1. Mind running the shape call on region B:1-113? Use the C-alpha gyration tensor, a ≥ b ≥ c as the square roots of the eigenvalues: rounded below 1.5 for a/c, prolate if a/b tops b/c, oblate otherwise.
2. Just check region B:80-124 against the gyration tensor rule for me: Cα atoms, a ≥ b ≥ c as the square roots of the eigenvalues, rounded for a/c under 1.5, and otherwise prolate or oblate depending on whether a/b exceeds b/c.
3. Say we join alpha carbon atoms closer than 10 Å with springs in a Gaussian network model of chain A; which of A:Leu233, A:Leu40, A:Leu253 then has the biggest fluctuation?
4. Tell me the label-point distance for the pair A:Glu170, B:Val33, using the 7 Å Cα-to-Cβ offset, in nm and rounded to one decimal.
5. I'd like to know which of B:Ile72, B:Ile110, B:Phe133 lies farthest towards the positive end of the charge dipole of region B:53-141, counting +1 on Cβ of Lys and Arg and -1 on Cβ of Asp and Glu.
6. Around A:Ser157, under 11 Å between beta carbons, what's the net of Lys plus Arg minus Asp minus Glu among the other residues?
7. Using 0.36 nm per residue of separation minus the Cα-Cα distance, give me the extension gain between A:Leu253 and A:Glu70 in nm, one decimal.
8. When only C-alpha pairs under 8 Å and at least 6 residues apart count, what is the relative contact order of chain A, in percent?
Amino acid sequence: MPSSEQNGIKSWQLRTRPEQLLRWFFWLIGIAIFLFCWRLISEKTIWMFVEDSPRQAIDMAERMVPPKWEYMGKLWIPVWDTINIATLGTMLAILIAIPIAFCAARNTSPSLTFVRPIALFIIVSSRSINSLIWALMLVTLIGPGVFAGVIAIGLRSIGFCAKLLYEAIEEIDPNQVEAIEATGASKAQKLSYGIVPQIMPAFAGISVFRWDINIRESTVLGLVGAGGIGLQLDSSISTLAWTQVSLILIVILGTVVVSEWVSAKIRHAII
Amino acid sequence: MTTPTQRSWKLQPFIKNPTLRWTLWVLTAIYLVLAFGTMEINWDRVAEGVTRSQRFLAAFFPPDFISRWDSIVEGIYESLWMAVTSTVVGILLSIPVGLGAARNLSFRPIYLFCRGILAVSRTFPEVILAIFFVKLFGFGPFAGFMALSIGTIGFYGKLLAEDIEDMDPVQAEAIRATGASWLQWLNYSVQPQVMPRMIGLGMYRLDINFRESAVVGIVGGGGIGATLLTSFDRYEFDSAAAILLVIIGIVMLVEYSSGYIRKKVQ
């Protein structure tokens, strides 16, 4: 047990001296990196604006109250659109994610050397490009509107759903699959009787979880023109209609809280 | 011995209650009809888009790394700085909030207050936060840094609070029984228990923050997103493709290294 002696009194310590020094060294490096990054950001910041910001924030907050409640009448359709973008996008993503997940899972992939890396690449690239960037591309392609939002959310969610799903497939109990195989089942039968029942709970959980995230993401897609409540937010901000902005923020908060509650309930019921 | 009867077995459905199952199916069908009915899809525009997408994709290839290389490098650096600083600051800020939001550590009013902070900062996507911070602090990486920090508080504080709530109370009691002060108690009983998972989550958040930093740029928060938006606005799709590839590459690199560190720590 590490201990130190001082004036003849032995006292207990959590770590030995070399361990402690190593730790301090890591902290030193970490802090140095942080300070370096901070300096570079600070160079690009106009500090006059930052000093002025508390006053600006109070000013903005004053303009935001009270929220313009009459505007709510115009918000119902955007809210409906937002929910549709999230729901249909999630459905689209799941449809595409299922085959990809089966190709990416080590135990079901048709070819480990050829198909699996492709599936993994699709997963990573879909995950690393944000839905807003997908929406930006799709709006130039198929025009602004809800449809672009649905596709953007769908493309973005493929990676997430497929990754979690293929991990669930890799974790299944192989004995059950072997038992089905021993009855002389074909490949498709093995899939539907041996593998699918085992991953069904994970699958349902993943879909609901992603739907919840997508509600949050679809609230901002309107900023680049892909439909939903973000459109109203963008136009309210650019016309400086702050009382509308605060109402929209409240609506977003409400939608997200409700969707989180629904998803928690469903996941609780499944697991 | 009874003679074997001809029986066939059926796979048990996922939702066992038939009424619930069929209600769900019907509700889903009604929802889909309603959703597609209200969605305005301009199919002419989409069809146009399909032919257009060929030209669009052709414009993406080959990715042009060279002509905008300087601004790509600058944008990537800016994103990386933003990701690092916002992760560090966000985690530092989220520690007190997370401690306050753990039910077994704090008092009821503080608990509710801290949970409130977490809920609000988790609700709004970083992009919305960034819009407001750009208004407050002006264009540039500082606004993006603030937005990502606030987002980090919501994410990290919540997980920290949950981890503290799940910790082993026996160890905590043992330390308390030695007569440790509150800070010592925190340092010797709580912190060692949550640390391994928290380091892993910190790495994960760094990964998320880098990804998000690509988006806050679209609303003026600096970073590679600003470079990307500029190249889209200029119709330089080959540069945009290069930027996207660079983002994918770095995200993969960050993801693998953060996964490696997480494995090492746990």
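1. Details: a/c = 2.37, a/b = 1.23, b/c = 1.92.
It comes out oblate by the Cα gyration axes.
2. Since a/c reaches 1.5 but b/c is at least a/b, the shape of region B:80-124 is classed as oblate.
3. Greatest mean-square fluctuation among the candidates belongs to A:Leu40.
4. 4.4 nm
5. Checked the options; the winner is B:Ile110.
6. Here the count lands on +3.
7. 64.1 nm
8. This gives 23 percent for chain A.
Just so you know, all these numbers are worked out from the coordinates, no wet-lab data involved. Since the model is a prediction, treat every value here as computed from it, not as a measurement. Backbone-built Cβ (ideal geometry, glycine too); neighbour counts: all protein chains shown.
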